[in-house]
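Q: One structure is given below, represented as structure tokens, and several questions about it will come after.
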Amino acid sequence: MTDAAFATDDFVRAQLAGWQTELGAVRRLAPKTLEAYGRDLTQFMSFLADHMGGPVTLKSLRELRGADIRAFMAQRRSESLGSRSLARVLSALKSFFAYLERQGVVSVEALNVIRTPKIGRSLPKALTVLEARATIDTAGEMEERPWVGARDMAVIALCYGCGLRISEALALTGADLEADVLRVTGKGGKMRMVPLIAPVRRAIDLYRELSPFKLWPEEPLFRGVRGGVLSPRLIQLRMEQLRSVLGLPPSATPHALRHSFATHLLGKGGDLRSIQELLGHASLSTTQIYTAVDTDRLLESYAKAHPRG
């Protein structure tokens, strides 16, 4: 494949640079997304240079056909790129060519005939109620320093008992805790109120009692051993240890506890709309995935209870 540095002429390189600047400064894409988009376009230009027998120019872009893009996507799929990554590649291409059109440089119709790869909706793998409880209880017993054990138990309890994302749990301050309600800041800064059940409240109170640090109301509640904000990686590592000790599957992650919260609520007759609000999902369609999970669990239980001869 042609070296990326020689895949385009100076004009196209300048357009790529302008596009990336817009993505970062105007659209404020996340750094990792920006990096992935840049990599996708670099690979596309390198492919085109080989495909067309020379550096990509404005003329090359104007002559672009749907078949050229399909060939590139086929090559990426042959390199074991999954549907989700292929969808991102196509999104990056559309973003770049939309930028060129806004700049009055070129209008490319070829992308309009390319369909976005279908992405399968992966079902969350929930723990059983007993596994979730054992995870919380054991988290408090795995650390020589009692306050660290209490901290980890409280964070894990929040993921399961309140359905929080790990980032949401670690962003909590003392001011977010009320008697029986938790104020949670979710994605996009959206606020929601979540019931703070007694076992979770007790876990948090134990941590606050044992913590060696002064936990001011407006500061992050959960701290690392040096007093800084607790890193999510430490809770992920704790979950890895718990998987080993309890014999849990690799899918037992902090996020799986949030899935378990929703699945168990639904299994007890919880209303989807209410669960949507508790989870902070923007769309009900995201929450509806749990109906499939619960159905699967019911069928599995039925099959065990009524084995065929």
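Taken together, the values in this text are just the output of simple stated rules run on the coordinates, not laboratory data. All of these numbers come straight from a predicted model, not from anything done at the bench. Here Cβ is always computed from backbone atoms with ideal geometry, including for glycine, and neighbour counts include all displayed protein chains.
Q: I166: net charge of surrounding residues, Cβ under 12 Å, Lys/Arg +1, Asp/Glu -1, itself excluded?
A: Counting the neighbours of I166, the net charge comes to +2.
Q: Let me ask you something else. Using a simple charge model, +1 on the beta-carbon of Lys and Arg, -1 on the beta-carbon of Asp and Glu, nothing else, what dipole does the stretch 157-230 show about its Cα centre, in debye to the nearest 20?
A: Dipole about the Cα centre, nearest 20: 240 debye.
Q: Then there is this: Going by a ≥ b ≥ c, the root eigenvalues of the Cα gyration tensor, does the stretch 186-225 fall in the rounded group (a/c under 1.5), the prolate group (a/b larger than b/c) or the oblate group?
A: Since a/c reaches 1.5 but b/c is at least a/b, the shape of the stretch 186-225 is classed as oblate.
Q: Sticking with this one: Counting other Cβ atoms within 10 Å, which trypsin sites (Lys or Arg not before Pro) in the stretch 166-257 have at most 12 and lie in a DSSP loop?
A: When the trypsin sites (Lys or Arg not before Pro) of the stretch 166-257 are filtered for loop state and at most 12 Cβ neighbours within 10 Å, K190, K214, R226 remain.
Q: While we're looking at this one, here's another question. With a/c under 1.5 counting as rounded, go ahead and sort the stretch 1-90 into rounded, prolate or oblate using the C-alpha gyration tensor (a ≥ b ≥ c being the square roots of the eigenvalues; past the cut-off, prolate if a/b is larger than b/c, else oblate).
A: Taking the square roots of the gyration eigenvalues as a ≥ b ≥ c, the stretch 1-90 is oblate.
Q: Restricting to DSSP loop positions (anything but H, G, I, E, B) with no more than 10 other Cβ atoms inside 10 Å of their own Cβ, which GluC sites (Glu not before Pro) remain in the stretch 1-96?
A: E79
Q: If contacts are Cα pairs under 8 angstrom and at least 6 residues apart, what is the relative contact order of the stretch 16-108 in percent?
A: 31 percent
Q: If you add up the charges near L41, with Lys and Arg at +1 and Asp and Glu at -1, over every other residue whose beta carbon is less than 14 angstrom from its beta carbon, what do you get?
A: My count for the surroundings of L41 gives +2.
Q: Quick one: net charge of A71's neighbours, Cβ under 12 Å, K/R +1, D/E -1?
A: For residues surrounding A71, the net value is +2.
Q: Do the alpha carbons of any pairs in K94/K187; K187/K268; K32/K268; K32/K125; K32/K94; K32/K187 sit beyond 29 Å of each other, and which pairs?
A: Checking Cα-Cα distances, K32/K268 exceed 29 Å.
Q: Further question: Given charges of +1 on the Cβ of Lys and Arg and -1 on the Cβ of Asp and Glu, with all other atoms neutral, how large is the dipole of the stretch 117-258 about its Cα centre, in debye to the nearest 20?
A: 660 debye
Q: On to the next question. Return the loop-located GluC sites (Glu not before Pro) in the stretch 138-193 (DSSP other than H, G, I, E, B) with at most 13 other Cβ atoms within 10 Å of their own Cβ; answer none if there are none.
A: Here the sparse-neighbourhood loop sites are E141, E144, E178.
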